[in-house]
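Have a look at the structure below before the remarks.
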Amino acid sequence: MKRYAVYKTASAPASRTAGSVALALAAIAFLAKRFGLIEADVFVLSLIAAATIALSAILLALFGFHRIWTYGGPGVPAALTGLFLGMLALATPVLVVGMLVMHAGASDLATNRTDPPSLETTVISDDQPFLDWLNTVLVEDVWPSVAAYTGAVPDRSVAGTSVEDRLYPDIVPRRYRISTAQLHAASAKALEALNWQVVDELPPDLLDAPTYLQAEGTSQILGLKHDIVLRIRPDTVGALLDVRSRSRTPLKDLTDNADRIRLVFSEIDRVLLETYGDLARLSVDETELEEDLPAEPVEDLRETIPLPSFKPYFEDEDAPVAEGLDAVDLEG
């Protein structure tokens, strides 16, 4: 009995090998970035390489299916394994690129655009030219085109508004009807509840003195570092809170700077609600504040300088008068 040679495709085993390499590369890059062993640029370039190998594994698997369907022979399990490993290895790069595209925006965002809180303890970000270029392209070219097509962002022709004002209309300073010292204590408790480490602090020495808090946080998935600054100043109604969030890398996680500022506000509201019970009595809306303040300042028409309404106190007043020949009784 004559036996014919069985056709064996080489693309199916090659697909399995390529899928294994791509998955191993993506997993190693993810774990190394999560524990801070590699920089963001190296991580992204490693994921690009893993995605390229994973796409090759998928294409080889599809080509192997075609050859097996045409000529027969073994190789279906190897092609299926290569297809599965390639798609699994492609998931991590797609997730990272998706987060970068969806959260494309400013790496430094503050509630006060003109006078943001300063970083007292400045941490210099690592040199990452590839990510800087990629984020610039996404912010200036890709994201505005997508937003204009979907209608998610108002037109750029709106005068008097910046890009941050159009993208984040709710990221504004907030006022509270409490002292700066009370708001400082609530802010410190909120940062502690968020597991963000305070690296610099200006505690209040007086009840209405300006205060300052700077904390460092880590993202949940990729372990990216970010800085949070809270500046508390006395205001006409009590205390004025400004928040600033700065990412040390253009690489994005599930949350961005706007989400972190909203998280700070919500956590402070939770602490104030637990402490005082009536949050509506403490927080002040911008429109409500404008209605309470007078439209024009009232001018003082008095020509004379008003006298002080209290007696100045000097330390030497209560000191005992020395008795001696040189002592003079001014009242006698």
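At-a-glance table
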read-out: Selected residue [among the charged types (D, E, K, R) and touching a residue at least 40 places away in the same chain (Cβ under 8 Å)] from D278, D269, D242, D259; value: D242
read-out: Hits in segment 177-187 - residues which are assigned to a helix (DSSP H, G or I) and open to solvent by 30 Å² or more (accessible area, probe 1.4 Å); value: Q182, A185
read-out: Contacts under 7 angstrom Cβ, first residue in segment 183-209 being closer than 11 Å to V271 by Cα, partner open to solvent by 50 Å² or more (accessible area, probe 1.4 Å) and part of a helix (DSSP H, G or I), 6 or more apart; value: A186/T275
read-out: Residue check for T211: among the β-branched types (V, I, T), more than 30 Å from E39 (Cα to Cα) and either surrounded by 15 or more Cβ atoms within 10 Å (Cβ to Cβ) or in contact with a strand residue (DSSP E or B) (Cβ under 6 Å, 6 or more places away or on another chain) (or both); value: yes
read-out: Scope segment 61-75; condition in a helix (DSSP H, G or I) and either among the polar types (S, T, N, Q) or touching a Pro at 6+ places or on another chain (Cβ under 9 Å) (or both); matching residues; value: G64, I68, T70
read-out: Within segment 32-60, tally of residues that are touching a Pro at 6+ places or on another chain (Cβ under 6 Å) and more than 19 Å from A14 (Cβ to Cβ); value: 1
read-out: Extreme residue, most open to solvent (accessible area, probe 1.4 Å), among residues of segment 84-107 that are closer than 28 Å to R166 by Cβ and part of a helix (DSSP H, G or I); value: M102
read-out: In segment 220-229, the residues that are closer than 13 Å to N257 by Cα and surrounded by fewer than 18 Cβ atoms within 10 Å (Cβ to Cβ); value: K225
read-out: Of residues in segment 7-20 being of a type outside the set (D, E, K, R) and surrounded by fewer than 19 Cβ atoms within 10 Å (Cβ to Cβ), the one farthest from A57 (Cα to Cα); value: Y7
read-out: Residue count for segment 21-51, restricted to those that are among the basic types (K, R) and open to solvent by 60 Å² or more (accessible area, probe 1.4 Å); value: 1
read-out: Among residues of segment 69-83, those that are of a type in the set (A, V, I, L, M, F, W, C) and either exposed (fewer than 14 other Cβ atoms within 10 Å of the Cβ) or farther than 17 Å from G19 by Cβ (or both), counted; value: 1
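Yes/no per residue for (1) among the hydrophobic types (A, V, I, L, M, F, W, C); (2) open to solvent by 60 Å² or more (accessible area, probe 1.4 Å); (3) at pLDDT 95 or above:
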| residue | (1), (2), (3) |
| --- | --- |
| V146 | yes, yes, no |
| T150 | no, yes, no |
| A159 | yes, yes, no |
| Y168 | no, no, no |
| R175 | no, no, no |
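The values are calculated or read from the model by the stated rules, or taken from the named source; none is laboratory data. No experiment lies behind these values; they were computed from the predicted model shown. Here Cβ is always computed from backbone atoms with ideal geometry, including for glycine, and neighbour counts include all displayed protein chains. Side chains are part of the model used for accessible areas, which takes the heavy atoms of the whole protein and leaves out ligands, DNA and RNA. Shrake-Rupley method; radii C 1.70, N 1.55, O 1.52, S 1.80 Å.
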